[in-house]
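Enquirer: The following block contains the structure, expressed as C-alpha cells.
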Amino acid sequence: MRKVFDFHGGIHPPENKVQSLQSAIADAGIPAELTLPLSQHIGAPSTPIVTVGERVSKGQMIAAANGPVSVALHAPTSGTVIAIEERLIAHPSGYRAPCVVIASDGEDQWIAHEGAADYKSLDRGALLDLIRDAGIAGMGGAGFPTYIKLAVKAGARIDTLIINGTECEPYITADDVLMRERAAAIVEGAAIIRHLVAPEATLIGVEDNKPEALTALQAATEGSGIEVVEFPTKYPSGGEKQLIEILTGRQVPSGGLPADVGVICQNVGTAAAVYDAVVHGKPLISRITTVTGEAVSQPQNFEVLLGTPMSHLLEKAGYRAADNERLIMGGPMMGFTLPSAEVPVVKTTNCLLVPSKVELPAPPPPQACIRCGLCAEACPASLLPQQLYWFAQGKEFDKLEQHNLFDCIDCGACSWVCPSHIPLVQYYRASKAEILQLRRENEKSEHSRVRFEARQQRLEQEAAEKEARRAARKKAAELRAQEGAADSGGGEDPIQAAIERAKAKKAAQAAGSQDISEQERLEKAVVTTRKRLETASTKLEQAQTEGSDLVDALQTGVEKTRAKLEAAEQALHDYLHANSTVAEQKPAAPTDAAQAAIERAMAARAAEAAMDPGQKARSELDKLQQRLEKSRHRLVQSRDAGDEPKIVEALESTVSRLEQKVTQARDRLAELEES
Amino acid sequence: MVELIAQYPLLAAVLALVGLGASFGALLGFAAVRFKTEGNPLADQINEILPQTQCGQCGYPGCRPYAEAIANSHEAINKCPPGGEAGIQALADLLDVEPIPLDEEHGEEKVKSVAFIREAECIGCTKCIQACPVDAILGAAKQMHTVIVSECTGCDLCVEPCPVDCIDMIPAQAQTIQTWHWDLPDPTSRKVDIIATDGPDVDNARDEAA
C-alpha cells in the first residue's frame, strides 16, 4: 500500500455522480452534420488539408498539425466536406472559430489504418509523431498536446508517471465509466506512455468514490508493474498539481511544471486514446461524454464522435427543454455556459451538464466580504483569496502577481465556500486574463520601442555617413588643390614661384614671343570657328532634310558663326600685316632681346626719373589706359570665344579694377595740374 | 602621542569621529565612482510605462524624449493620449505625484487603431515610409506600400504626409477568440457588496419611495 498525502484546502460538494452511472456507455450514433473546430487543443490551430466538396473516410486526416505546439484533426466518420468556415464553437465568449464541416453519409467507412502493436521497436521520435498525428491532446479538460508532454526534455529526469483517473468534479463520470469498461485499454496506453517516458514508478490515481473503476483497474494492471492508488475523495484532487502532491508528497513550484519535480501526468482518457492510436492506428475521433442533470430523462455516458452537435446528444438523452435554463460544458465547478445547443463536442468535452432551474440556480447576489477566511482554508493552492479579491477589485495587478495569482487553478472552491456568495473565481479569471493582456501589450510596446530605437540609430548612422562622405570629399578637393600648387611651384614657395613666372613672362614678352603667341591665338581662333561653322552647316542640312522646327534657329546660328569666322580672319590678316613691319625692323634690334629689354626698361626708368610729376602722372595714366584697352579687348575676345565663365569673370574684375585705377590716375593728374 | 590622547579624552573623541568621517567618506566616494549608474534610470522607468506609440502627440519626438522631459524638466505627466488614464495613473504612482486628467490639448484617448493603406490608390511616393517611426510600412519608390499590422503602433503619423490621402486609421482587430477573456463581475448588473438590508425588496421599496 502506497502512502498517500493530503493537499491544503479542498471541499466536498455533493457528488451527483450516480445519476449518469445507471447504464453502460451508449453509442451516440452518427449525426447528419459534424462541425470540427480547427482549434480543439492549446496551441496553434491545425491547418485544413481537405477542400470543400472532398469525400473523406472515417479516420482520414482533415487538418494537419501547424507548428511545434499543435495536433492533427481527423474525420470522425465518412462523408463529404461541405464547408470550411467560421462556426459557433464551445467557448464562453460565444465567438465563431474556423471549422471543417462534414456531412456524414451514414456508411461510416474507415480509411485503411493499421496499428503498431510492436510499438517498442518503433523509434521514439516516430512514436511521438504518431501520437501527434493521431490528434491526441489532453482529454481531462485542458487539451494540451500530449506528444509535447511526452517528449521529455533532455536532462529532465522523470521518476513518476501519473495516470489521472481522479475525476473529482461533481456530476462528471466519463472517466469513471471508461475505467470500468475499458480498463485494459487504459493500462495498455499507460504502458506505451511508460515506454516513452521511462519512469521508475507508474501510478494510476483514483478517488475512493469509484470502487468499480478501482476493481477493474486492479484486475487490468495485474502483473504489469503499474500501481493503482486509491485515495480519499476531495475536490479538487484531480487538479494536476494536487494529484502530484497526493501521490508523491511533492509540490510543484510556483510557476513551474510537473516535470520540474520529476512527474508527468496524463488523463486516463488520454491513455486510452494513445492505446487506440498506437496499437490500432485509430486517431482520436470520438470521446466519452457525460450528459447529465435533472433536465434530461436518461442521464448517461455516450461514446460520441467529435463534432457532434450538443443538441444531438441532448435528444439522445431525453432533453426536457422546459426544465432547463442553461447548458454547461464541464462540471458545475469549472464548466462554462454554452452559447447555443448547436455547438459541437470537442476533444475536451467531458460533460454536458443540463441542470434544471432548481438544481443549479443562479447564484444569489454577492454581499460584502466579512473576512471569515473560509476561502483561504478551502484554497487548494494555499493562496489568500480575500486578499486577491481586494486587489482584483482595485486592479492592482502587480500586487496580484506578488500574491501568486497565477497559481490559482480556477477550481472555484473559494466561491463555493463563500458565505457572502462572492464570485471570487470570476475575479481571478478576469484578472489573470487582464494581466496576460497587459503583458502582451507591454511586449508589443517593448517591440515598438526597439524598432523605434533601431530606426533612430539607423537614421543617425545614415546622417553620420553622409557627413563623413562630405568631409572626405572636401578633404580630397583640398588635397588636389595643394597638389596642383605643389606641382607648378616645384615644392618652392608659391609666391616666389609666381614672381619668377611673372618675370619669365615679362622677359619673354619683351623678346616678342608674345607676338608669336598672339598670332597663334588668332590662327587657332580662325580654325576653331571654321570647324564650328562646318558642324553648324551639317546640322542645318540635316535639319532641313528632316524638316525639323529647328531650321530657323540653326540658320541664324550658321550665319552668326560665319560672321565670327570672317571677323577672326580679318583680325588675323590685320595682325599679320601690322607685324610684318615689326618683323622687318627686328633684325636691326640688338641680338640679345633680353638685354635690349633691360636697357629699354632702364632708359624708361631714367626718363621717368627725369620727368616732372605732371608728366609722370600723365604717362602713368597713358599706361593704365593702354592696359585697360588691352584688358577690354581680351574680355571681348574671351566672351566671343565662349570661354569658361570663371575666366570671363576674372577678366571683368580686372577691367573694372583698371577702370578704377584710371579714374584715380586722372584725379591725381587733375590735382597736380591745378596745383 | 598616546599619552596626549590619554590625557585629553576630548581629543580622542574628536580624532575618532574625524577618522570615522574620513573613512566613510572615502568609502562613499569610492562607491559613487565604482557603482555609478549609467544614464537616467528614472527616464528609463518612465519610458517603460509610456506606450511606445512614438506618435509625438505629447509634443516630443517620440516616447523617450517625453520620458526624459518628465524625468529632467518636470514636464506634466498628462500629455500622452495613447497611454490614457491608466498610463497617467502608472506615471503618478512611479513619480509619487497626484494623477491629473489627460490634457485635452494633446488629443484624447482613442481606441487602438492601425493604419491601413488603400493599395489601389497608393502611388508609391514613400512619404509615409519616411514618416513611420517604427518602420511598419513596407514598399519602395513607385511601388505599392502596405502596413505591417503587427508592427503598427497606430500613431497616425503616416496619414498626414500621404499626398493622395489613401491611408485610413482603422480600429485594431476587435477581440478574437484568442484574445477574449472573462470580465470582472459587473457591479452594475448585479449589486456587489450589498448588505442584508439591501435585499431586492428593500431596493424596490426605496426606489418607489424615491
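The values are calculated or read from the model by the stated rules, or taken from the named source; none is laboratory data. Keep in mind it's a predicted model, so treat the numbers as computed, not measured. Don't worry about glycine lacking a Cβ; one is built from the backbone with ideal geometry, like all the others, and counts go over all protein chains shown. The protein model used for the area step is the full one, side chains on, heavy atoms only, and it has no ligands, DNA or RNA in it. Shrake-Rupley method; radii C 1.70, N 1.55, O 1.52, S 1.80 Å.
Enquirer: If you take the residues of the stretch A:317-358 that are modelled with pLDDT under 90 and charged (D, E, K, R), which of them is least open to solvent (accessible area, probe 1.4 Å)?
Expert: Going through the qualifying residues, I end up with A:ASP323.
Residue by residue, here is whether (1) open to solvent by 60 Å² or more (accessible area, probe 1.4 Å); (2) touching a residue at least 12 places away in the same chain (Cβ under 8 Å); (3) touching a helix residue (DSSP H, G or I) at 6+ places or on another chain (Cβ under 7 Å); (4) outside any strand (DSSP E or B) holds:
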{"position": "A:PRO45", "(1), (2), (3), (4)": "no, yes, no, yes"}
{"position": "A:GLY53", "(1), (2), (3), (4)": "no, yes, no, yes"}
{"position": "A:VAL81", "(1), (2), (3), (4)": "no, yes, no, no"}
{"position": "A:GLY125", "(1), (2), (3), (4)": "no, no, no, yes"}
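Enquirer: Could you please let me know if B:PRO81 is within 14 Å of chain A (Cβ to nearest Cβ), within 23 Å of B:PRO133 (Cα to Cα) and either touching a helix residue (DSSP H, G or I) at 6+ places or on another chain (Cβ under 8 Å) or not small (Gly, Ala, Ser) (or both)? Write out each step before concluding.
Expert: Values: within 14 Å of chain A (Cβ to nearest Cβ): no; within 23 Å of B:PRO133 (Cα to Cα): yes; either touching a helix residue (DSSP H, G or I) at 6+ places or on another chain (Cβ under 8 Å) or not small (Gly, Ala, Ser) (or both): yes.
Answer is no for this residue.
Enquirer: Which ones in the stretch B:49-61 are facing another protein chain (nearest Cβ under 8 Å) and either farther than 20 Å from B:LEU95 by Cα or not in a loop (DSSP other than H, G, I, E, B) (or both)?
Expert: Hits for the stretch B:49-61 are B:THR53, B:GLN54.
Enquirer: I need the full set of residues from the stretch A:55-69 which are part of a loop (DSSP other than H, G, I, E, B) and either open to solvent by 20 Å² or more (accessible area, probe 1.4 Å) or free of Cβ contacts under 8 Å to residues at least 12 places away in the same chain (or both), in order please.
Expert: Here is the first cut: in the stretch A:55-69, the residues part of a loop (DSSP other than H, G, I, E, B) are A:57, A:59-60, A:65-69.
Result: A:SER57, A:GLN60, A:ALA65, A:ASN66, A:GLY67, A:PRO68, A:VAL69.
Enquirer: Confirm whether B:LYS127 is of a type in the set (Lys, Arg) and away from chain A (no Cβ under 14 Å). Talk me through it step by step, then tell me what you get.
Expert: Numbers: of a type in the set (Lys, Arg): yes; away from chain A (no Cβ under 14 Å): yes.
Yes: the conditions hold for B:LYS127.
Enquirer: Let me ask something else. What do you reckon, is A:ALA184 without any contact (Cβ under 8 Å) to a residue 24 or more places away in the chain and open to solvent by 40 Å² or more (accessible area, probe 1.4 Å)?
Expert: Working: without any contact (Cβ under 8 Å) to a residue 24 or more places away in the chain: no; open to solvent by 40 Å² or more (accessible area, probe 1.4 Å): yes.
No; evaluated as a whole, the condition is false for this residue.
Enquirer: Also, quick follow-up: Would you pick out the residues in the stretch A:446-478 that are facing another protein chain (nearest Cβ under 8 Å) and either over 30 Å from A:GLN393 (Cβ atoms) or open to solvent by 90 Å² or more (accessible area, probe 1.4 Å) (or both)? I'd like the intermediate steps shown before the answer.
Expert: Initial filter on the stretch A:446-478 (facing another protein chain (nearest Cβ under 8 Å)): A:446-449, A:451-456.
Residues satisfying the conditions are A:HIS447, A:SER448, A:ARG449, A:ARG451, A:PHE452, A:GLU453, A:ALA454, A:ARG455, A:GLN456.
Each row is one residue, and each column tells you yes or no for (1) modelled with pLDDT under 90; (2) open to solvent by less than 60 Å² (accessible area, probe 1.4 Å).
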{"site": "B:GLY25", "(1), (2)": "no, yes"}
{"site": "B:ASN40", "(1), (2)": "yes, yes"}
{"site": "B:THR53", "(1), (2)": "yes, yes"}
{"site": "B:ALA71", "(1), (2)": "yes, yes"}
{"site": "B:CYS80", "(1), (2)": "yes, yes"}
{"site": "B:GLU85", "(1), (2)": "yes, no"}
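Enquirer: Just to verify a result, which residue in the stretch A:220-236, among those that are part of a loop (DSSP other than H, G, I, E, B) and of a type in the set (D, E, K, R), is surrounded by the most Cβ atoms within 10 Å (Cβ to Cβ)?
Expert: So in the stretch A:220-236, the residues part of a loop (DSSP other than H, G, I, E, B) come out as A:222-225, A:232-234, A:236.
Narrowing further to those that are of a type in the set (D, E, K, R): A:222, A:234.
Details: A:GLU222: 9, A:LYS234: 21.
Looking at residues that are part of a loop (DSSP other than H, G, I, E, B) and of a type in the set (D, E, K, R), I get A:LYS234.
Enquirer: Might you check whether a residue that is touching a His at 6+ places or on another chain (Cβ under 7 Å), at the interface with chain B (Cβ under 10 Å from one of its Cβ atoms) and either buried (at least 23 other Cβ atoms within 10 Å of the Cβ) or not hydrophobic (A, V, I, L, M, F, W, C) (or both) occurs anywhere in the stretch A:435-445? Please lay out each step first, then the result.
Expert: Of all residues in the stretch A:435-445, those touching a His at 6+ places or on another chain (Cβ under 7 Å) come to A:437.
If we keep only those that are at the interface with chain B (Cβ under 10 Å from one of its Cβ atoms) as well, we get A:437.
Narrowing further to those that are either buried (at least 23 other Cβ atoms within 10 Å of the Cβ) or not hydrophobic (A, V, I, L, M, F, W, C) (or both): A:437.
Looking for residues that are touching a His at 6+ places or on another chain (Cβ under 7 Å), at the interface with chain B (Cβ under 10 Å from one of its Cβ atoms) and either buried (at least 23 other Cβ atoms within 10 Å of the Cβ) or not hydrophobic (A, V, I, L, M, F, W, C) (or both), one finds at least one in the stretch A:435-445, hence yes.
Enquirer: Within the bounds of the stretch A:522-535, is there any residue that is at pLDDT below 80 and either open to solvent by 60 Å² or more (accessible area, probe 1.4 Å) or closer than 28 Å to A:ALA485 by Cα (or both)?
Expert: At the first step, the residues of the stretch A:522-535 found to be at pLDDT below 80 are none.
No, the stretch A:522-535 has no match at all.
Enquirer: Is it the case, given these coordinates, that A:ARG605 is assigned to a helix (DSSP H, G or I), modelled with pLDDT of 75 or more, open to solvent by 90 Å² or more (accessible area, probe 1.4 Å) and not acidic (Asp, Glu)? Can you show your working first?
Expert: Numbers: assigned to a helix (DSSP H, G or I): yes; modelled with pLDDT of 75 or more: no; open to solvent by 90 Å² or more (accessible area, probe 1.4 Å): yes; not acidic (Asp, Glu): yes.
The answer is no for A:ARG605.
Enquirer: Could we say that A:GLU167 is in contact with a Leu (Cβ under 9 Å, 6 or more places away or on another chain), touching a residue at least 12 places away in the same chain (Cβ under 8 Å) and open to solvent by 10 Å² or more (accessible area, probe 1.4 Å) here?
Expert: Values: in contact with a Leu (Cβ under 9 Å, 6 or more places away or on another chain): no; touching a residue at least 12 places away in the same chain (Cβ under 8 Å): yes; open to solvent by 10 Å² or more (accessible area, probe 1.4 Å): yes.
Criteria not met by A:GLU167.
Enquirer: Within the stretch A:198-219, work out how many residues are of a type in the set (A, V, I, L, M, F, W, C), surrounded by fewer than 21 Cβ atoms within 10 Å (Cβ to Cβ) and assigned to a helix (DSSP H, G or I). Spell out how you get there, then give the answer.
Expert: Taking the stretch A:198-219 first, the residues of a type in the set (A, V, I, L, M, F, W, C) are A:198, A:201, A:203-204, A:206, A:213-214, A:216-217, A:219.
The next check asks that each one be surrounded by fewer than 21 Cβ atoms within 10 Å (Cβ to Cβ); those that pass are A:198, A:201, A:219.
Filter once more, so that each one left must be assigned to a helix (DSSP H, G or I): A:219.
Residues in the stretch A:198-219 being of a type in the set (A, V, I, L, M, F, W, C), surrounded by fewer than 21 Cβ atoms within 10 Å (Cβ to Cβ) and assigned to a helix (DSSP H, G or I): 1 in total.
Enquirer: With respect to the numbered conditions (1) of a type in the set (Phe, Trp, Tyr); (2) in contact with a helix residue (DSSP H, G or I) (Cβ under 6 Å, 6 or more places away or on another chain); (3) free of Cβ contacts under 8 Å to residues at least 40 places away in the same chain, which one is the sole condition not fulfilled by A:TYR119?
Expert: Condition not satisfied by A:TYR119: (3).
Enquirer: Working only within the stretch A:259-284, note down all residues that are crowded, with 24+ Cβ neighbours inside 10 Å and part of a loop (DSSP other than H, G, I, E, B).
Expert: A:PRO283, A:LEU284
Enquirer: Output the residue which, of all residues in the stretch A:286-312 that are open to solvent by 10 Å² or more (accessible area, probe 1.4 Å) and without any contact (Cβ under 8 Å) to a residue 60 or more places away in the chain, is nearest to A:SER78 (Cα to Cα).
Expert: A:SER311
Enquirer: Turning to a different aspect of this structure: Filter the stretch A:93-123 down to the residues that are open to solvent by 40 Å² or more (accessible area, probe 1.4 Å) and within 34 Å of the chain's Cα centre (by Cα) and list them by number. Walk me through it before giving the result.
Expert: Step one: filter the stretch A:93-123 for residues open to solvent by 40 Å² or more (accessible area, probe 1.4 Å), giving A:95-96, A:98, A:105-114, A:117-118, A:120-123.
A:TYR95, A:ARG96, A:PRO98 - these are the residues of the stretch A:93-123 that are open to solvent by 40 Å² or more (accessible area, probe 1.4 Å) and within 34 Å of the chain's Cα centre (by Cα).
Enquirer: Which residue is nearest to the chain's Cα centre (by Cα), if the candidates are limited to the stretch B:116-167 and must be small (Gly, Ala, Ser), part of a loop (DSSP other than H, G, I, E, B) and surrounded by 15 or more Cβ atoms within 10 Å (Cβ to Cβ)? So that I can check it myself, show each step before the final result.
Expert: First pass over the stretch B:116-167, keeping only residues small (Gly, Ala, Ser): B:120, B:124, B:131, B:136, B:139-141, B:150, B:154.
From what's left, part of a loop (DSSP other than H, G, I, E, B): B:120, B:124, B:136, B:139-141, B:150, B:154.
Those still in the list that are surrounded by 15 or more Cβ atoms within 10 Å (Cβ to Cβ) too: B:136, B:139, B:154.
On the way: B:ALA136: 21, B:GLY139: 31, B:GLY154: 16 Å.
Filtering the stretch B:116-167 for residues that are small (Gly, Ala, Ser), part of a loop (DSSP other than H, G, I, E, B) and surrounded by 15 or more Cβ atoms within 10 Å (Cβ to Cβ), the one nearest to the chain's Cα centre (by Cα) comes out as B:GLY154.
Enquirer: Every residue in the stretch A:359-384 that is in contact (Cβ under 8 Å) with a residue 60 or more places away in the chain, more than 14 Å from chain B (Cβ to nearest Cβ), open to solvent by 60 Å² or more (accessible area, probe 1.4 Å) and part of a loop (DSSP other than H, G, I, E, B), please.
Expert: Listed by number, the list holds a single entry, A:SER382.
Enquirer: Could you give me the residue pairs with C-beta distances under 6 Å whose first residue belongs to the stretch A:390-402 and is within 12 Å of chain B (Cβ to nearest Cβ) and over 11 Å from A:TYR428 (Cα atoms), whose second residue is outside any helix (DSSP H, G or I) and open to solvent by less than 40 Å² (accessible area, probe 1.4 Å) wherever it lies, and which are 6+ apart or on separate chains?
Expert: Final answer for the pair search is none.
Enquirer: Here's something else I'd like to know. Does A:ALA567 satisfy being in contact with a Ser or Thr (Cβ under 6 Å, 6 or more places away or on another chain), of a type in the set (A, V, I, L, M, F, W, C) and part of a helix (DSSP H, G or I)? Walk me through how you get there before you give the answer.
Expert: Details: in contact with a Ser or Thr (Cβ under 6 Å, 6 or more places away or on another chain): no; of a type in the set (A, V, I, L, M, F, W, C): yes; part of a helix (DSSP H, G or I): yes.
Judged against the criteria, A:ALA567 is not a match.
Enquirer: Okay, moving on. For B:ILE170, state whether it is more than 14 Å from every other protein chain (Cβ to nearest Cβ), closer than 30 Å to A:GLY94 by Cα and in contact with a strand residue (DSSP E or B) (Cβ under 8 Å, 6 or more places away or on another chain). Before you say what the answer is, go through the steps one by one.
Expert: Details: more than 14 Å from every other protein chain (Cβ to nearest Cβ): yes; closer than 30 Å to A:GLY94 by Cα: yes; in contact with a strand residue (DSSP E or B) (Cβ under 8 Å, 6 or more places away or on another chain): yes.
Yes; evaluated as a whole, the condition is true for this residue.
Enquirer: Something else now. Determine whether the stretch A:27-41 contains at least one residue that is within 14 Å of chain B (Cβ to nearest Cβ), of a type outside the set (Val, Ile, Thr) and open to solvent by 30 Å² or more (accessible area, probe 1.4 Å). Give the derivation first.
Expert: Initially, the stretch A:27-41 is screened for residues within 14 Å of chain B (Cβ to nearest Cβ), giving A:37-41.
Of the ones still in play, those that are also of a type outside the set (Val, Ile, Thr) are A:37-41.
Narrowing the set further to residues that are open to solvent by 30 Å² or more (accessible area, probe 1.4 Å) leaves A:39.
Checked the stretch A:27-41: at least one residue is within 14 Å of chain B (Cβ to nearest Cβ), of a type outside the set (Val, Ile, Thr) and open to solvent by 30 Å² or more (accessible area, probe 1.4 Å).
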